[in-house]
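Colleague: Quick one: this structure, given as structure tokens, is what I'll be asking you about.
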Amino acid sequence: MVTSEAVPFAKTGGLGDVAGALPLALARLGHDVTVVLPRYRGPQAGTLVERLPITIAGRTFDVAFVEHAMADRVRAILVDCPELYDRPELYGIGNSDYPDNPVRFALLARAALEFGARGDQGPDVVHAHDWQAGLALVYLKTLFKDRSGLSGAAGVFTIHNLSYQGLFPPGWMPALDLGWELFGIEGIEYWGKMSLLKGGINFSEIITTVSPRYAKEIQTPEFGFGFDGILKRRGKQLCGILNGIDVAVWNPEHDPYLPEPYGPNTLAAKDASRRALLDTLGLPLTPEVLARPIVGMVSRMVVQKGFDLLADLADELLTLDATFVLLGSGEARYQTLWQGLSDRAPDRVGVRFGFDEPLAHLIEGGADIFLMPSRFEPCGLNQMYSLKYGTVPVVRAVGGLDDTIDNWNPRTNSGTGFKFRDYTPEALRSSLEKALALFRKPKSWRAVQRAGMAKDHSWDASAAEYVSVYEKAITLRRMGNRTASV
Ligand code: ADP
């Protein structure tokens, strides 16, 4: 597996969670997995297993491979190359990416393949994630196509978020050892630029994305970000597999970040987390505040996650029967807005900006409702964590949110959350108000909480689907036909 992030080594979002958990689930099914990712700044122990010079377009990098056991049958190989990876952040500072990202991730791809090609028995499958790993599949089918150990390997590419397309000026082609023959519509050219995402799509046997609904959506102009045609052309080899959640890490029955454990039959103990959450964010523990439903958010503060809709509703939010808690990082304009709301209504809005894993857990445990009004959502993890924590999701019915949440039906008293379809402030508000009203009916509220907690979103089922994708990819590779139906 080639990835730019994986828990516990590096994470900025869902990709890190997936690349950390899927390998463990695959190993439980009897497979051997090597996860290759950069060795970023920070204390990262491990054993040096090899040193290799890797040359890209005449520039030689001295690369060390540091092994770290993750579990039985699973190891991480951290690619150590300080001049490229020993930096304060993974991808760039603030909103500006590192200008040499193409070579940083080309080296990741090359290092992964060099490592895989060393012995006689290379991998059966090279599974690359997102644009940062797209070149692994391009190189596999070009520079490495005759390398023993790798020549039979099938390529699987997973799109975690289509809006990040790895677009760079074409001048990078020769600088990454990419021949101009690849700079075509069937290759990696995209509107005059080079797209590493397109490389992953066009050079893999099978493409997956992280929910069945998103797999369909990205083949339409509304969600395709210009890639709908490219993906439609490969539609027969494209499928959606829902992400799982790592229930060893996200489980209120043994979450070290919660003051008291709780489960479906001990939901009253969730109260300790509510109090701790309010307290942590500086909200007063008055009877009035304690009685109000707490609406939580843990999110990148970007348009994708619905922050523009929330901005349209900002003043109205303060009039609802709710307390809002937000943990987020992202665009300054949204931080300013939410800080302003908190300053205006310090007993109704608590905010924390930055990345804070313990607080993310406490919000899942302490909130009553979890809000995800995304414009688009490939899968989304937090709504699945929320189900597990008895924190009722209010979501927009897109992508993985639509696949994982069943809308509450008052007639049948069934459902796991609240969904709205239109991307409008009114639709969001109306859905949220339904949830807030149901909170005032304790019996029904318990029912919706328990229905969510009973859902199984652990990785095992999804990992089995990946195994079947790997098998199909191997078949296609043997047939030598990437475009056959499977
Ligand atoms: P995305 O990958 O698009 O950001 P996901 O819902 O798939 O969204 O995954 C986000 C992951 O990152 C979740 O595990 C979530 O808890 C975590 N996360 C997001 N923002 C923060 C933050 N500010 N602090 C801690 N964890 C965060």
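Colleague: Taking residue 485 and the conditions (1) under 21 Å from residue 200 (Cα atoms); (2) more than 20 Å from the chain's Cα centre (by Cα); (3) part of a helix (DSSP H, G or I), which numbered condition does it fall short on, given that it satisfies the others?
Modeller: Failed condition: (3).
Colleague: Something else: Across the range 341-358, what is the total count of residues that are crowded, with 18+ Cβ neighbours inside 10 Å and in a helix (DSSP H, G or I)?
Modeller: Number satisfying all stated conditions: 2.
Colleague: Can you say whether residue 345 is more than 8 Å from the ligand (Cβ to nearest atom), in contact (Cβ under 8 Å) with a residue 24 or more places away in the chain and over 30 Å from residue 217 (Cβ atoms), as far as the supplied structure shows?
Modeller: Numbers: more than 8 Å from the ligand (Cβ to nearest atom): yes; in contact (Cβ under 8 Å) with a residue 24 or more places away in the chain: yes; over 30 Å from residue 217 (Cβ atoms): yes.
In short, yes.
Colleague: Something else now. Working only within the range 279-291, note down all residues that are in contact with an Asp or Glu (Cβ under 7 Å, 6 or more places away or on another chain) and open to solvent by 10 Å² or more (accessible area, probe 1.4 Å).
Modeller: Step one: list which residues in the range 279-291 are in contact with an Asp or Glu (Cβ under 7 Å, 6 or more places away or on another chain), which gives 283-285, 289.
Matches in the range 279-291: 284, 285.
Colleague: Yes or no: the range 122-130 includes at least one residue that is over 21 Å from residue 38 (Cα atoms), open to solvent by 60 Å² or more (accessible area, probe 1.4 Å) and over 21 Å from the mean Cα position of the chain (by Cα). Don't jump to the end; show me each part of the working.
Modeller: Pass one, the range 122-130, residues over 21 Å from residue 38 (Cα atoms): 124.
Still in the list and also open to solvent by 60 Å² or more (accessible area, probe 1.4 Å): 124.
Okay, now just the ones that are also over 21 Å from the mean Cα position of the chain (by Cα), so 124.
Yes, the range 122-130 has at least one match.
Colleague: Identify, please: which residue in the range 176-198 is of a type in the set (Phe, Trp, Tyr) and more than 26 Å from the chain's Cα centre (by Cα) and is, among those, surrounded by the fewest Cβ atoms within 10 Å (Cβ to Cβ)?
Modeller: First pass over the range 176-198, keeping only residues of a type in the set (Phe, Trp, Tyr): 180, 183, 190-191.
Filter once more, keeping what is more than 26 Å from the chain's Cα centre (by Cα): 180, 183, 191.
Numbers: 180: 11, 183: 16, 191: 7.
If we take residues in the range 176-198 being of a type in the set (Phe, Trp, Tyr) and more than 26 Å from the chain's Cα centre (by Cα), then 191 is surrounded by the fewest Cβ atoms within 10 Å (Cβ to Cβ).
Colleague: Do the conditions hold for residue 206, that is, is it in contact with a Ser or Thr (Cβ under 9 Å, 6 or more places away or on another chain) and at negative phi?
Modeller: Judged against the criteria, residue 206 is not a match.
Colleague: Still on this model: State which residue pairs qualify: first residue at positive phi and inside the range 316-335, second residue away from the ligand (no atom under 12 Å from the Cβ) in any location, beta carbons under 8 Å apart, and separation of 6 or more residues or different chains.
Modeller: 330/307
Colleague: Taking the range 389-398, which residues are hydrophobic (A, V, I, L, M, F, W, C), away from the ligand (no atom under 12 Å from the Cβ) and closer than 16 Å to residue 448 by Cβ?
Modeller: Taking the range 389-398 as the starting set, the residues that turn out to be hydrophobic (A, V, I, L, M, F, W, C) are 392, 394-395, 397-398.
With away from the ligand (no atom under 12 Å from the Cβ) added as a condition, the list becomes 392, 394, 397-398.
Across the range 389-398, the qualifying residues are 392, 394.
Colleague: Filter the range 438-486 down to the residues that are surrounded by 13 or more Cβ atoms within 10 Å (Cβ to Cβ), small (Gly, Ala, Ser) and within 18 Å of residue 418 (Cα to Cα) and list them by number.
Modeller: Within the range 438-486, 444, 447, 451, 452 meet the criteria.
Colleague: Oh, and also: Mind checking which pairs have a first residue in the range 91-115 that is open to solvent by less than 40 Å² (accessible area, probe 1.4 Å) and a second that is acidic (Asp, Glu), Cβ under 8 Å, 6 or more apart or different chains?
Modeller: Final answer for the pair search is 106/177; 115/50.
Colleague: Residue 362: more than 28 Å from residue 217 (Cα to Cα), touching a Pro at 6+ places or on another chain (Cβ under 9 Å) and either surrounded by 24 or more Cβ atoms within 10 Å (Cβ to Cβ) or among the acidic types (Asp, Glu) (or both), yes or no? Lay out the reasoning, then the answer.
Modeller: Numbers: more than 28 Å from residue 217 (Cα to Cα): yes; touching a Pro at 6+ places or on another chain (Cβ under 9 Å): yes; either surrounded by 24 or more Cβ atoms within 10 Å (Cβ to Cβ) or among the acidic types (Asp, Glu) (or both): yes.
Considered against the rule, which asks whether it is more than 28 Å from residue 217 (Cα to Cα), touching a Pro at 6+ places or on another chain (Cβ under 9 Å) and either surrounded by 24 or more Cβ atoms within 10 Å (Cβ to Cβ) or among the acidic types (Asp, Glu) (or both), residue 362 comes out as yes.
Colleague: Under the condition of being within 12 Å of the ligand (Cβ to nearest atom) and assigned to a loop (DSSP other than H, G, I, E, B), which residue from the range 293-307 is most open to solvent (accessible area, probe 1.4 Å)?
Modeller: 302
Colleague: Another question about this same structure. Kindly indicate the residue of the range 410-429 that is open to solvent by less than 50 Å² (accessible area, probe 1.4 Å) and part of a helix (DSSP H, G or I) and also farthest from residue 384 (Cα to Cα) among those meeting that condition.
Modeller: Going through the qualifying residues, I end up with 425.
Colleague: Let me ask something additional. Considering 183, 157, which residue is hydrophobic (A, V, I, L, M, F, W, C), at pLDDT 95 or above and in contact with an Asp or Glu (Cβ under 7 Å, 6 or more places away or on another chain)?
Modeller: Values: 157 fails: in contact with an Asp or Glu (Cβ under 7 Å, 6 or more places away or on another chain).
On inspection, the qualifying residue turns out to be 183.
Colleague: Sticking with this structure for a sec: With respect to residue 290, is the statement that it is farther than 22 Å from residue 453 by Cα and in a helix (DSSP H, G or I) true?
Modeller: Working: farther than 22 Å from residue 453 by Cα: yes; in a helix (DSSP H, G or I): yes.
Spelling it out, residue 290 is indeed farther than 22 Å from residue 453 by Cα and in a helix (DSSP H, G or I).
Colleague: Here's a follow-up. Could you tell me which residue of the range 5-38 is nearest to the chain's Cα centre (by Cα), considering only residues that are charged (D, E, K, R) and within 11 Å of the ligand (Cβ to nearest atom)? Give the steps one after another, and end with the answer.
Modeller: Going residue by residue through the range 5-38, those that are charged (D, E, K, R) are 5, 11, 17, 28, 32.
Subsequent filtering for residues that are within 11 Å of the ligand (Cβ to nearest atom) retains 5, 11, 17.
On the way: 5: 10, 11: 9, 17: 7 Å.
Once the filter is applied, the top-ranked residue is 17.
Colleague: Report, by residue number, each residue of the range 315-338 that is exposed (fewer than 15 other Cβ atoms within 10 Å of the Cβ) and over 26 Å from the mean Cα position of the chain (by Cα).
Modeller: Of the range 315-338, the ones exposed (fewer than 15 other Cβ atoms within 10 Å of the Cβ) are 315-316, 318-319, 321, 332-333, 336.
Passing the criteria: 315, 316, 318, 319, 321.
Colleague: So in the range 156-181, with the set limited to residues that are outside any loop (DSSP other than H, G, I, E, B) and touching a Gly at 6+ places or on another chain (Cβ under 8 Å), which one is farthest from the ligand (Cβ to nearest atom)? Give the steps one after another, and end with the answer.
Modeller: Applying the first criterion (outside any loop (DSSP other than H, G, I, E, B)) to the range 156-181 yields 156-159, 167-168, 172-175, 180-181.
Adding the requirement that they be touching a Gly at 6+ places or on another chain (Cβ under 8 Å) leaves 157, 159, 173, 181.
Numbers: 157: 17, 159: 12, 173: 29, 181: 35 Å.
Per the criteria, the residue is 181.
Colleague: While we're looking at this one, here's another question. Count, please, the residues in the range 400-411 that happen to be within 10 Å of the ligand (Cβ to nearest atom) and farther than 23 Å from residue 293 by Cα. Give the steps one after another, and end with the answer.
Modeller: So the first thing to find is which residues in the range 400-411 are within 10 Å of the ligand (Cβ to nearest atom), and the list is 400-401.
Cutting the leftovers down to farther than 23 Å from residue 293 by Cα gives us 400.
So the answer is 1.
Colleague: If I ask for residues that are among the aromatic types (Phe, Trp, Tyr) and open to solvent by less than 20 Å² (accessible area, probe 1.4 Å), which ones from the range 230-278 would you list?
Modeller: First, the residues of the range 230-278 that are among the aromatic types (Phe, Trp, Tyr): 250, 257, 262.
Within the range 230-278, 250, 262 qualify.
Colleague: Still on this structure: Suppose we keep only residues that are among the β-branched types (Val, Ile, Thr) and within 28 Å of residue 459 (Cα to Cα) within the range 29-65. Which one would you say is surrounded by the fewest Cβ atoms within 10 Å (Cβ to Cβ)? Even if it seems obvious, please write down each step before you answer.
Modeller: First, the residues of the range 29-65 that are among the β-branched types (Val, Ile, Thr): 33-36, 47, 49, 54-56, 60, 63.
Then keep just the ones that are within 28 Å of residue 459 (Cα to Cα); that gives 33-36.
Working: 33: 20, 34: 18, 35: 24, 36: 26.
Applying the filter and picking the extreme gives 34.
Colleague: Could you pull out the residue among 314, 269, 291 that is of a type outside the set (Ser, Thr, Tyr) and touching a Phe, Trp or Tyr at 6+ places or on another chain (Cβ under 8 Å)? Explain how you work it out, then say what you get.
Modeller: Working: 314 fails: touching a Phe, Trp or Tyr at 6+ places or on another chain (Cβ under 8 Å); 291 fails: touching a Phe, Trp or Tyr at 6+ places or on another chain (Cβ under 8 Å).
None of the others qualify; the one that does is 269.
Yes/no per residue for (1) part of a strand (DSSP E or B); (2) within 12 Å of the ligand (Cβ to nearest atom); (3) under 20 Å from residue 439 (Cα atoms):
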{"residue": "320", "(1), (2), (3)": "no, no, yes"}
{"residue": "327", "(1), (2), (3)": "yes, yes, no"}
{"residue": "339", "(1), (2), (3)": "no, no, no"}
{"residue": "360", "(1), (2), (3)": "no, yes, no"}
{"residue": "378", "(1), (2), (3)": "no, yes, no"}
{"residue": "383", "(1), (2), (3)": "no, yes, yes"}
{"residue": "387", "(1), (2), (3)": "no, no, yes"}
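The values are calculated or read from the model by the stated rules, or taken from the named source; none is laboratory data. Bear in mind the structure is a predicted one, so any value in this text is a computation, not a measurement. Heads up, the Cβs are rebuilt from the backbone with ideal geometry, glycines too, and the neighbour counts pull from every protein chain shown. The accessibility values were calculated without ligands, DNA or RNA, using every heavy atom of the protein model including side chains. Shrake-Rupley method; radii C 1.70, N 1.55, O 1.52, S 1.80 Å.
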